[in-house]
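Engineer: Before we start, here is the structure in question, set down as structure tokens.
The values are calculated or read from the model by the stated rules, or taken from the named source; none is laboratory data. Only a predicted model underlies this, so the values are computations on that prediction, with no experimental measurement involved. Note that each Cβ is placed from the backbone with ideal geometry, even for glycine, and that neighbours are counted across all protein chains shown. Accessible surface areas use protein heavy atoms only, side chains included; no ligands, DNA or RNA. Shrake-Rupley method; radii C 1.70, N 1.55, O 1.52, S 1.80 Å.
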Amino acid sequence: MTTLPVPSKRTVHGAAGLIRRGEEILLVHQQDHDNPESNWALPGGVVEHDELVIEALVREIREETGLIVAPPFRLLYVAQHEDAHESILALIYEIENWTGELACDDPDGEILEPRWLPESDAIARLERLTWRVMREPIVSYLRNETGPGASWFYRAGKDNEAMLVTRIEGY
């Protein structure tokens, strides 16, 4: 009997940052190559091979927004999503130390523009994110429904739609 190899899941780590300027929040308008609809999200992205999460956070924010960020960073929440093909773990940080002017130098060509938005406008745009794993934790945090340090765990359900398995409150 011949045994076929079991395909391994791809593991993806990501990092994103919540950056404020007074009563405004920095979002990026992005256009994914695989999705005809654009959306607004926190700046951030995928951790590259041999890169620490914190290095990816600094690099992605610089590429997508032009801002230079520096520690300390405060962990806002962690979100994990599992499906048949990928295991995704995202760490979202609040960033208080930043310098620079908005400019985009995204090598992936997915960022249309970075923009400072009043908090209420930012929340409204984040509420339209199609992927629940990106939308639900940040909107909940910005509405003060959850505090920093929460953990969100999702699994693909029917039609590969993300379903919340559990949420663990932070500190």
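Engineer: Scan (1) within 22 Å of VAL139 (Cβ to Cβ); (2) touching a Pro at 6+ places or on another chain (Cβ under 7 Å); (3) assigned to a helix (DSSP H, G or I) for the single condition GLU63 breaks and write down its number.
Structural biologist: Among (1) within 22 Å of VAL139 (Cβ to Cβ); (2) touching a Pro at 6+ places or on another chain (Cβ under 7 Å); (3) assigned to a helix (DSSP H, G or I), GLU63 violates only (1).
Engineer: Now a separate question. Please specify each residue of the stretch 29-47 satisfying the condition of being of a type in the set (A, V, I, L, M) and within 11 Å of the chain's Cα centre (by Cα).
Structural biologist: In the first step, residues of the stretch 29-47 are kept if they are of a type in the set (A, V, I, L, M); the result is 41-42, 46-47.
Passing the criteria: ALA41, LEU42, VAL46.
Engineer: Going through the stretch 53-111 one residue at a time, which ones are under 17 Å from MET134 (Cα atoms) and surrounded by fewer than 13 Cβ atoms within 10 Å (Cβ to Cβ)?
Structural biologist: GLU86
Engineer: Could you look through the stretch 138-171, keep only residues that are among the charged types (D, E, K, R) and not in a loop (DSSP other than H, G, I, E, B), and pick out the one that is least open to solvent (accessible area, probe 1.4 Å)?
Structural biologist: Within the stretch 138-171, the first condition is being among the charged types (D, E, K, R), and the residues that meet it are 143, 145, 155, 158-159, 161, 167, 169.
Now restrict to residues that are not in a loop (DSSP other than H, G, I, E, B): 155, 158-159, 167.
Working: ARG155: 137, LYS158: 163, ASP159: 137, ARG167: 97 Å².
Per the stated criteria, the residue is ARG167.
Engineer: When residues of the stretch 21-59 are filtered for being closer than 19 Å to GLU136 by Cβ, assigned to a loop (DSSP other than H, G, I, E, B) and at pLDDT 95 or above, how many remain?
Structural biologist: The qualifying residues number 2.
Engineer: Let me ask another. Name the residues in the stretch 110-159 that are among the small types (Gly, Ala, Ser) and without any contact (Cβ under 8 Å) to a residue 60 or more places away in the chain, would you? Explain how you work it out, then say what you get.
Structural biologist: So in the stretch 110-159, the residues among the small types (Gly, Ala, Ser) come out as 120, 122, 124, 140, 147, 149-151, 156-157.
Listed by number, the residues that qualify are SER120, ALA124, SER140, GLY147, GLY157.
Engineer: While we're here: Only one residue in TRP98, TRP116 is under 21 Å from VAL47 (Cβ atoms), in contact with a Leu (Cβ under 7 Å, 6 or more places away or on another chain) and among the hydrophobic types (A, V, I, L, M, F, W, C), so which one is that?
Structural biologist: On the way: TRP116 fails: under 21 Å from VAL47 (Cβ atoms).
None of the other options fit; the residue is TRP98.
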